[in-house]
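> Quick one: the structure is below, and I'll ask about it shortly.
The values are calculated or read from the model by the stated rules, or taken from the named source; none is laboratory data. Since the structure is predicted, the reported quantities are computational estimates derived from the model, not experimental observations. A quick note on method: Cβ atoms are made from the backbone with ideal geometry, for glycine too, and the neighbour counts reach across all protein chains shown. For accessibility, only protein heavy atoms count, side chains too; no ligands or nucleic acids. Shrake-Rupley method; radii C 1.70, N 1.55, O 1.52, S 1.80 Å.
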Amino acid sequence: MSKRVYFLPNICAGCEECLEACAREHQGNSLDYIEMVDLYPVPMRCFHCADAPCAQICPTKSIQVTEEGAVVSSSEKCIGCGSCLLVCPFGIPKVDTTKKLMRKCDLCIHRLKEGKIPSCVQNCSLKALQFGDVEEYEANKRKKAAAKLQRTGDSAL
Amino acid sequence: MLTTIKTVLANIGRGPATSRYPFVEETVPKGFRGKVTYDPSKCIGCKTCVHVCAGKAIKIDEKTDCFDFSVWDGTCTRCQMCENFCPTGAIKVTEEFHNAYLAEDVYKKAHFGNIPYIQCAECKKMIKPLPEVVAQEKLKGENIAYKERSYICPDCRRKAMAKDLMKGLAR
């Protein structure tokens, strides 16, 4: 299982610091979104699907799934046709009509190669965004739940 | 004198070098570049053909509720660039070589395609549709997650997905 960005929406305060960090990394274009659901902010970014429909539909094979598990679009091959935008179940890709180029989250692939974590995760002040394996995250959660159960068991005795 | 007679006799034996074209079916050599045809059911409106067209024969007019595609046969230079670059194979070069026509037939010789946009069910914005043929050809297996929300635009889709995620959390 490759590493992904996970978010904990109940912690997110909607400070938009991740958008700023993303814009700093990607030449002033923020590739993330924050959607307001009633009062709660939900950070949205590319989910880096394992069997990505955008990579399948791409007519120029510009979108590729890399070894790191990131779905990355190359700016040289992209013709900005917008097919990926129509098949994405999450509505993440965005087409820059002036430059005829699709822009979406690339999991900060240049940072990953240097051994760093994605920019949005590093700059999230509340740690609502986390980077790692799904299994790792589940194991942590299981440990926490077990500790909680033990505490309640102690108080019952 | 003798060589002339020899050549004449040989040519008579060989038969005519040209064919009686309008009365006989004519074939073209392999790789012949003739008239351009356009299949609107495969077009994704990426405008690559407009960009590469050497004679500026291809035009795509984006309107509020549709886009119009046109190839002017008289302006086309038969360079085959559009076919080479078309990512979905909507443009094809045929082997038709009847290139002469009367001035009054100009509009009959041009190809027109009109592709209507679809309207987002939530924000009423017009979005470019994805051709069904291309989707079936490219998307493998059961990968049809987008179909549930294919009637709304990407922005509304993202909002709906965020709502779904919050619902999952509340449960």
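> Largest first, what is the accessible-area ranking of A:Thr97, B:Thr48 with a 1.4 Å probe?
So, going from the largest accessible area down, we get A:Thr97, B:Thr48.
> From the residues B:Pro16, A:Ser75, A:Pro118, which one has its Cα farthest along the dipole of the protein assembly as shown in the positive direction, the dipole being from +1 and -1 charges on Cβ of Lys/Arg and Asp/Glu about the Cα centre?
The residue sitting most towards the positive pole is A:Pro118.
> Tell me which of A:Gly28, A:Cys58, A:Val95 sits at the most positive position along the dipole axis of chain A, charges placed on C-beta atoms (Lys, Arg +1; Asp, Glu -1).
Positive-most Cα among the choices belongs to A:Cys58.
> Against the 2.2 N^0.38 Å scaling, with N counting residues, where does the protein assembly as shown land? I'd like the Cα-based Rg ratio to two decimal places.
The reported ratio for this selection is 1.46.
> Specify the longest stretch of chain B that does not include any exposed loop site, a site being one of the chymotrypsin sites (Phe, Trp or Tyr not before Pro) with a non-H, G, I, E, B DSSP assignment and at most 14 other Cβ atoms within 10 Å.
Formally, the longest exposed-site-free interval is B:33-96.
> Provide A:Arg111, B:Arg20, B:Arg14 ordered by accessible surface of protein heavy atoms (probe 1.4 Å), highest first.
My answer, sorted largest first, is B:Arg14, B:Arg20, A:Arg111.
> Now, a different point. For chain A, what is the calculated [θ] at 222 nm in deg cm²/dmol (nearest 500), taking -39500 (n - 2.57) for each run of four or more DSSP H residues and dividing by its residue count?
Values: 6 runs with 52 residues, N = 157.
Helix contribution divided over all residues of chain A: -9000 deg cm²/dmol.
> Hey, another quick one. So how strong a dipole does region B:101-171 carry about its Cα centre when Lys and Arg Cβ are +1 and Asp and Glu Cβ are -1, to the nearest 20 debye?
For region B:101-171, the charge dipole is close to 480 debye.
> Keeping every protein chain in place, order A:Val121, B:Val28, A:Val65 by accessible area at 1.4 Å, biggest value first, i.e. largest first.
Most to least solvent-accessible, the answer reads A:Val65, B:Val28, A:Val121.
> Given charges of +1 on the Cβ of Lys and Arg and -1 on the Cβ of Asp and Glu, with all other atoms neutral, how large is the dipole of region B:28-158 about its Cα centre, in debye to the nearest 20?
That gives a dipole near 340 debye.
> Same structure, new question: With r as the distance between the Cβ atoms of B:Phe32 and A:Asp51 and R0 = 51 Å, compute the FRET efficiency 1/(1 + (r/R0)^6) and round to 0.05.
0.75
> Cα convex hull of chain A: mean projected area in nm², to one decimal? List each step's numbers first, then the result.
Values: hull surface 46.1 nm².
Projected area, direction-averaged: 11.5 nm².
> Which value does Rg/Rh take for region B:1-113 over its C-alpha atoms, Rh per Kirkwood?
With Rg and the Kirkwood Rh in hand, the quotient comes to 1.23.
> Quickly estimate the mean residue ellipticity at 222 nm for chain B, helices only: each DSSP H run with n ≥ 4 gives -39500 (n - 2.57), and the total goes over all residues, rounded to 500.
-8000 deg cm²/dmol
> Which GluC sites (Glu not before Pro) in region B:1-73 sit in a loop by DSSP (not H, G, I, E or B) and have at most 16 other Cβ atoms within 10 Å of their own Cβ?
Working: sites: B:Glu25, B:Glu26, B:Glu62; in loops: B:Glu25, B:Glu26.
Those satisfying the criteria are B:Glu25, B:Glu26.
> Also, I was wondering about something else. Between region B:8-71 and region A:44-77, what's the alpha-carbon centroid distance in Å?
35
> To continue, here is another question. Taking 0.36 nm per intervening residue step and subtracting the Cα-Cα distance, what contour gain separates B:Asn84 from B:Asp164 on full extension?
Value of the extension gain: 24.5 nm.
> Ignoring everything but the protein chains, give the 1.4 Å probe accessible area of A:Met36 in square angstrom, nearest 10.
120
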